[in-house]
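K.L.:
Dumping the structure here so I can ask a few things about it.
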Amino acid sequence: MEQSAHPVAQPEPHGVLRQILIDLAIMTVIGVMLAFIGPFGSFAMPLAWRFVYWLSFAYIGYACFRPISYVAVRTAERLDLPKWALAIVGVLLASVPMTVAVWVLGRVPGAMRWPTLDEALQSYFYVLLIGGGVTLLFMATQRGSAAATQPVVVGTAGTPADPPASASSPSLTPAPSPTPPPSPAASPFLDRLPAHLGSDLIALEMEDHYVRAHTALGSEMILLRMRDAVAELGGIDGAQVHRSWWVARDAVEDVKRDGRNLRLVLPGGLEAPVARTRVAELKGAGWF
(Lines give C-alpha, C1' and ligand atoms only; values in the text may rest on other atoms or scores of the structure.)
Protein backbone atom coordinates (compact mmCIF):
# COMPACT_ATOMS: atom_id res chain seq x y z
CA MET A 1 0.00 0.00 0.00
CA GLU A 2 1.33 3.40 -0.93
CA GLN A 3 2.28 5.50 2.05
CA SER A 4 0.36 8.73 2.39
CA ALA A 5 2.26 11.91 1.67
CA HIS A 6 0.25 13.54 4.44
CA PRO A 7 0.24 11.35 7.56
CA VAL A 8 -2.31 11.85 10.27
CA ALA A 9 -1.64 15.31 11.65
CA GLN A 10 0.05 15.49 15.01
CA PRO A 11 0.50 18.61 17.15
CA GLU A 12 3.87 20.30 16.83
CA PRO A 13 6.19 19.53 19.80
CA HIS A 14 6.60 23.16 20.77
CA GLY A 15 2.82 23.65 20.69
CA VAL A 16 2.26 20.63 22.93
CA LEU A 17 4.94 21.78 25.40
CA ARG A 18 3.48 25.27 25.47
CA GLN A 19 0.00 23.90 26.20
CA ILE A 20 1.30 21.62 28.97
CA LEU A 21 3.11 24.55 30.63
CA ILE A 22 -0.06 26.64 30.46
CA ASP A 23 -2.10 23.78 31.93
CA LEU A 24 0.40 23.24 34.77
CA ALA A 25 0.33 26.96 35.56
CA ILE A 26 -3.46 26.77 35.83
CA MET A 27 -3.21 23.68 38.05
CA THR A 28 -0.72 25.51 40.29
CA VAL A 29 -3.19 28.36 40.76
CA ILE A 30 -5.97 25.87 41.53
CA GLY A 31 -3.77 23.99 44.01
CA VAL A 32 -2.84 27.23 45.81
CA MET A 33 -6.50 28.27 46.01
CA LEU A 34 -7.50 24.90 47.47
CA ALA A 35 -4.65 25.12 49.97
CA PHE A 36 -5.95 28.46 51.24
CA ILE A 37 -9.58 27.30 51.31
CA GLY A 38 -8.80 23.90 52.90
CA PRO A 39 -11.85 21.94 51.74
CA PHE A 40 -12.91 18.45 52.86
CA GLY A 41 -11.41 18.78 56.33
CA SER A 42 -7.91 19.76 55.17
CA PHE A 43 -8.15 23.18 56.82
CA ALA A 44 -7.03 21.56 60.08
CA MET A 45 -3.59 20.96 58.53
CA PRO A 46 -0.83 23.57 58.92
CA LEU A 47 -0.78 25.94 55.93
CA ALA A 48 2.58 24.65 54.66
CA TRP A 49 1.29 21.08 54.62
CA ARG A 50 -1.89 22.22 52.86
CA PHE A 51 0.26 23.67 50.09
CA VAL A 52 2.18 20.40 49.70
CA TYR A 53 -1.03 18.37 49.93
CA TRP A 54 -3.12 20.27 47.39
CA LEU A 55 -0.33 21.09 44.92
CA SER A 56 0.64 17.41 44.86
CA PHE A 57 -2.91 16.35 44.15
CA ALA A 58 -3.31 19.11 41.56
CA TYR A 59 -0.38 17.76 39.52
CA ILE A 60 -1.37 14.11 40.02
CA GLY A 61 -4.92 14.97 39.04
CA TYR A 62 -3.67 16.63 35.88
CA ALA A 63 -1.75 13.48 34.99
CA CYS A 64 -4.90 11.39 35.53
CA PHE A 65 -7.61 13.59 34.06
CA ARG A 66 -5.98 15.44 31.19
CA PRO A 67 -5.00 12.46 28.98
CA ILE A 68 -8.36 10.74 29.39
CA SER A 69 -10.30 13.96 28.79
CA TYR A 70 -8.16 14.73 25.73
CA VAL A 71 -8.82 11.29 24.24
CA ALA A 72 -12.56 11.65 24.93
CA VAL A 73 -12.78 15.05 23.24
CA ARG A 74 -10.70 13.97 20.22
CA THR A 75 -12.86 10.84 19.87
CA ALA A 76 -15.98 13.01 19.93
CA GLU A 77 -14.56 15.25 17.19
CA ARG A 78 -13.54 12.38 14.92
CA LEU A 79 -16.80 10.41 15.35
CA ASP A 80 -19.01 13.51 15.37
CA LEU A 81 -20.39 12.64 18.81
CA PRO A 82 -21.45 15.04 21.61
CA LYS A 83 -18.23 16.35 23.11
CA TRP A 84 -19.66 16.98 26.57
CA ALA A 85 -21.09 13.45 26.82
CA LEU A 86 -17.71 11.82 26.16
CA ALA A 87 -15.99 14.34 28.43
CA ILE A 88 -18.29 13.25 31.27
CA VAL A 89 -17.41 9.62 30.60
CA GLY A 90 -13.72 10.58 30.65
CA VAL A 91 -14.10 12.32 34.03
CA LEU A 92 -15.92 9.32 35.50
CA LEU A 93 -13.12 7.00 34.37
CA ALA A 94 -10.25 9.30 35.40
CA SER A 95 -11.73 9.68 38.89
CA VAL A 96 -11.03 5.98 39.61
CA PRO A 97 -7.19 6.07 39.52
CA MET A 98 -7.24 9.51 41.14
CA THR A 99 -9.34 8.16 44.03
CA VAL A 100 -6.79 5.39 44.55
CA ALA A 101 -3.96 7.96 44.57
CA VAL A 102 -5.80 10.15 47.09
CA TRP A 103 -6.43 7.22 49.40
CA VAL A 104 -2.87 5.86 49.21
CA LEU A 105 -1.08 9.21 49.55
CA GLY A 106 -3.44 10.41 52.24
CA ARG A 107 -2.65 7.55 54.61
CA VAL A 108 -0.08 7.85 57.36
CA PRO A 109 2.94 5.60 56.59
CA GLY A 110 2.44 2.27 58.29
CA ALA A 111 -1.32 2.76 58.64
CA MET A 112 -2.29 1.64 55.14
CA ARG A 113 -5.54 -0.32 54.92
CA TRP A 114 -8.28 -1.02 52.44
CA PRO A 115 -11.09 1.57 52.57
CA THR A 116 -14.61 0.54 53.46
CA LEU A 117 -17.26 0.87 50.78
CA ASP A 118 -18.55 4.10 52.33
CA GLU A 119 -15.04 5.55 52.51
CA ALA A 120 -14.29 4.56 48.91
CA LEU A 121 -17.53 6.10 47.61
CA GLN A 122 -16.98 9.26 49.65
CA SER A 123 -13.43 9.65 48.33
CA TYR A 124 -14.62 9.01 44.77
CA PHE A 125 -17.34 11.64 45.15
CA TYR A 126 -14.85 14.26 46.38
CA VAL A 127 -12.44 13.44 43.56
CA LEU A 128 -15.24 13.51 40.98
CA LEU A 129 -16.46 16.85 42.30
CA ILE A 130 -13.07 18.56 42.08
CA GLY A 131 -11.89 16.75 38.94
CA GLY A 132 -15.15 17.45 37.13
CA GLY A 133 -15.01 21.11 38.11
CA VAL A 134 -11.43 21.51 36.89
CA THR A 135 -12.21 19.66 33.64
CA LEU A 136 -15.22 21.91 33.12
CA LEU A 137 -12.95 24.92 33.63
CA PHE A 138 -10.44 23.66 31.06
CA MET A 139 -13.13 22.93 28.48
CA ALA A 140 -14.82 26.29 29.03
CA THR A 141 -11.58 28.23 28.57
CA GLN A 142 -10.75 26.31 25.39
CA ARG A 143 -14.22 26.30 23.91
CA GLY A 144 -13.56 29.40 21.87
CA SER A 145 -10.70 27.65 20.12
CA ALA A 146 -12.20 24.22 19.86
CA ALA A 147 -15.68 25.20 18.73
CA ALA A 148 -16.04 26.45 15.20
CA THR A 149 -18.92 28.34 13.72
CA GLN A 150 -21.60 26.32 12.00
CA PRO A 151 -20.43 25.28 8.53
CA VAL A 152 -21.92 27.17 5.62
CA VAL A 153 -21.86 25.66 2.17
CA VAL A 154 -20.42 28.33 -0.05
CA GLY A 155 -20.23 28.79 -3.76
CA THR A 156 -17.44 31.31 -4.14
CA ALA A 157 -15.97 34.03 -1.99
CA GLY A 158 -17.87 32.82 1.08
CA THR A 159 -21.27 33.51 -0.55
CA PRO A 160 -23.95 30.89 0.15
CA ALA A 161 -24.66 28.75 -2.90
CA ASP A 162 -27.65 30.08 -4.84
CA PRO A 163 -30.74 27.86 -5.05
CA PRO A 164 -31.51 26.45 -8.49
CA ALA A 165 -33.77 28.62 -10.61
CA SER A 166 -37.31 27.36 -11.07
CA ALA A 167 -38.10 26.17 -14.58
CA SER A 168 -41.71 27.38 -14.24
CA SER A 169 -40.79 30.99 -13.43
CA PRO A 170 -38.60 32.44 -16.19
CA SER A 171 -36.70 35.60 -15.47
CA LEU A 172 -38.44 38.80 -16.49
CA THR A 173 -35.17 40.71 -16.83
CA PRO A 174 -31.93 39.78 -18.54
CA ALA A 175 -29.58 37.96 -16.24
CA PRO A 176 -26.63 40.14 -15.22
CA SER A 177 -23.20 39.15 -16.33
CA PRO A 178 -21.65 36.82 -13.73
CA THR A 179 -19.08 38.44 -11.54
CA PRO A 180 -15.86 36.43 -11.46
CA PRO A 181 -14.89 35.20 -8.00
CA PRO A 182 -12.07 36.98 -6.24
CA SER A 183 -8.64 35.58 -6.80
CA PRO A 184 -7.43 33.18 -4.10
CA ALA A 185 -4.51 35.53 -3.68
CA ALA A 186 -7.02 37.94 -2.09
CA SER A 187 -7.63 35.50 0.77
CA PRO A 188 -5.88 36.90 3.86
CA PHE A 189 -5.33 33.41 5.27
CA LEU A 190 -2.92 32.53 2.47
CA ASP A 191 -0.59 35.28 3.69
CA ARG A 192 -0.13 33.27 6.88
CA LEU A 193 1.27 30.24 5.03
CA PRO A 194 5.05 29.76 4.83
CA ALA A 195 6.40 30.29 1.33
CA HIS A 196 7.48 26.66 0.97
CA LEU A 197 3.84 25.48 1.22
CA GLY A 198 2.67 27.52 -1.76
CA SER A 199 -0.93 28.71 -2.03
CA ASP A 200 -2.75 25.60 -3.33
CA LEU A 201 -4.83 25.09 -0.19
CA ILE A 202 -6.48 21.67 0.18
CA ALA A 203 -7.99 21.71 3.67
CA LEU A 204 -7.82 23.07 7.21
CA GLU A 205 -7.88 20.72 10.18
CA MET A 206 -8.60 21.93 13.73
CA GLU A 207 -6.16 20.86 16.43
CA ASP A 208 -6.87 22.47 19.83
CA HIS A 209 -5.79 26.12 19.59
CA TYR A 210 -4.37 25.62 16.10
CA VAL A 211 -5.45 24.88 12.56
CA ARG A 212 -3.29 22.67 10.39
CA ALA A 213 -3.21 24.01 6.85
CA HIS A 214 -2.82 21.26 4.25
CA THR A 215 -1.56 22.30 0.82
CA ALA A 216 -0.32 20.38 -2.20
CA LEU A 217 3.25 20.81 -0.88
CA GLY A 218 2.80 19.82 2.77
CA SER A 219 1.16 21.01 5.99
CA GLU A 220 1.84 23.50 8.77
CA MET A 221 0.32 24.32 12.16
CA ILE A 222 -0.95 27.90 12.51
CA LEU A 223 -2.05 29.47 15.80
CA LEU A 224 -5.54 30.55 14.82
CA ARG A 225 -9.11 29.58 15.62
CA MET A 226 -11.00 27.69 12.93
CA ARG A 227 -13.74 30.29 12.77
CA ASP A 228 -11.20 33.04 12.15
CA ALA A 229 -9.36 30.98 9.54
CA VAL A 230 -12.59 30.27 7.63
CA ALA A 231 -13.46 33.98 7.73
CA GLU A 232 -10.17 34.73 5.95
CA LEU A 233 -10.83 32.29 3.07
CA GLY A 234 -12.98 34.69 1.07
CA GLY A 235 -11.39 33.97 -2.30
CA ILE A 236 -11.44 30.18 -2.14
CA ASP A 237 -14.38 27.97 -3.11
CA GLY A 238 -14.89 25.60 -0.19
CA ALA A 239 -16.93 24.72 2.88
CA GLN A 240 -16.56 23.76 6.50
CA VAL A 241 -17.79 20.17 6.20
CA HIS A 242 -17.23 19.28 9.86
CA ARG A 243 -16.67 21.34 12.97
CA SER A 244 -12.97 20.44 12.77
CA TRP A 245 -12.49 20.46 8.96
CA TRP A 246 -12.72 22.98 6.13
CA VAL A 247 -12.19 21.62 2.60
CA ALA A 248 -11.50 23.29 -0.73
CA ARG A 249 -14.16 22.15 -3.19
CA ASP A 250 -11.84 21.40 -6.10
CA ALA A 251 -9.61 19.25 -3.82
CA VAL A 252 -12.24 16.52 -3.36
CA GLU A 253 -11.17 13.42 -5.29
CA ASP A 254 -13.69 10.88 -4.03
CA VAL A 255 -16.26 10.17 -1.32
CA LYS A 256 -16.05 7.18 1.03
CA ARG A 257 -19.24 5.83 2.55
CA ASP A 258 -19.36 3.68 5.68
CA GLY A 259 -23.00 3.27 6.58
CA ARG A 260 -24.25 6.77 7.40
CA ASN A 261 -20.73 8.16 7.72
CA LEU A 262 -19.12 10.01 4.82
CA ARG A 263 -15.49 11.01 4.34
CA LEU A 264 -14.09 13.22 1.58
CA VAL A 265 -10.95 11.81 -0.01
CA LEU A 266 -8.38 14.54 -0.64
CA PRO A 267 -4.96 14.59 -2.33
CA GLY A 268 -2.09 12.90 -0.53
CA GLY A 269 -4.29 10.40 1.29
CA LEU A 270 -6.09 12.93 3.48
CA GLU A 271 -9.66 12.12 4.48
CA ALA A 272 -12.03 14.71 5.95
CA PRO A 273 -15.13 13.52 7.85
CA VAL A 274 -18.47 15.03 6.90
CA ALA A 275 -20.83 15.94 9.74
CA ARG A 276 -24.15 14.14 9.37
CA THR A 277 -25.97 17.45 9.72
CA ARG A 278 -24.09 18.74 6.63
CA VAL A 279 -24.65 15.77 4.29
CA ALA A 280 -27.94 16.97 2.76
CA GLU A 281 -26.68 20.53 2.34
CA LEU A 282 -23.44 19.48 0.68
CA LYS A 283 -25.26 16.99 -1.54
CA GLY A 284 -27.69 19.67 -2.62
CA ALA A 285 -24.77 21.91 -3.52
CA GLY A 286 -23.33 19.20 -5.76
CA TRP A 287 -20.35 18.17 -3.65
CA PHE A 288 -21.20 14.48 -4.10
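The values are calculated or read from the model by the stated rules, or taken from the named source; none is laboratory data. All values derive from a computational prediction rather than experimental measurement. Using ideal geometry, Cβ is built from the backbone for each residue, glycine included, and neighbour counts are taken over all protein chains shown.
K.L.:
For the range 194-288, list the strands (runs of 3 or more DSSP E) that sit wholly inside it and hold at least 1 residues that are buried (at least 23 other Cβ atoms within 10 Å of the Cβ) and outside the structural domain of Leu17 (by TED's automatic domain parsing); which are they?
P.N.:
Values: elements: 201-207, 210-215, 218-223, 238-242, 245-248, 254-258, 261-265, 271-274.
Ranges flagged: 201-207, 210-215, 238-242, 245-248, 261-265, 271-274.
Residues are listed down the side, and each one gets a yes or a no for (1) in a helix (DSSP H, G or I); (2) more than 17 Å from Ile130 (Cα to Cα); (3) out of contact with any strand residue (DSSP E or B) (no Cβ under 9 Å at 6 or more places or on another chain):
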| position | (1), (2), (3) |
| --- | --- |
| Gly31 | yes, no, yes |
| Leu34 | yes, no, yes |
| Phe40 | no, no, yes |
| Phe43 | yes, no, yes |
| Phe51 | yes, no, yes |
| Ala58 | yes, no, yes |
| Gly61 | yes, no, yes |
| Tyr70 | yes, yes, yes |
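K.L.:
Which one of these does Leu81 not meet: (1) part of a helix (DSSP H, G or I); (2) free of Cβ contacts under 8 Å to residues at least 60 places away in the same chain?
P.N.:
(1) is the only condition that Leu81 fails.
K.L.:
Hey, another quick one. Give the number of residues within the range 238-284 that are in contact (Cβ under 8 Å) with a residue 40 or more places away in the chain and within 22 Å of Tyr210 (Cα to Cα).
P.N.:
20
K.L.:
Now for a separate question. Can you tell me how many residues in the range 23-75 are touching a helix residue (DSSP H, G or I) at 6+ places or on another chain (Cβ under 6 Å) and charged (D, E, K, R)?
P.N.:
Of the residues in that region, 1 qualify.
K.L.:
Looking at Val73, Val16, can you tell me which residue is loosely packed, with under 15 Cβ neighbours inside 10 Å, at pLDDT below 80 and either among the aliphatic types (A, V, I, L, M) or not assigned by TED's automatic domain parsing to the domain that holds Ala203 (or both)?
P.N.:
Values: Val73 fails: loosely packed, with under 15 Cβ neighbours inside 10 Å.
Criteria check complete, one pass: Val16.
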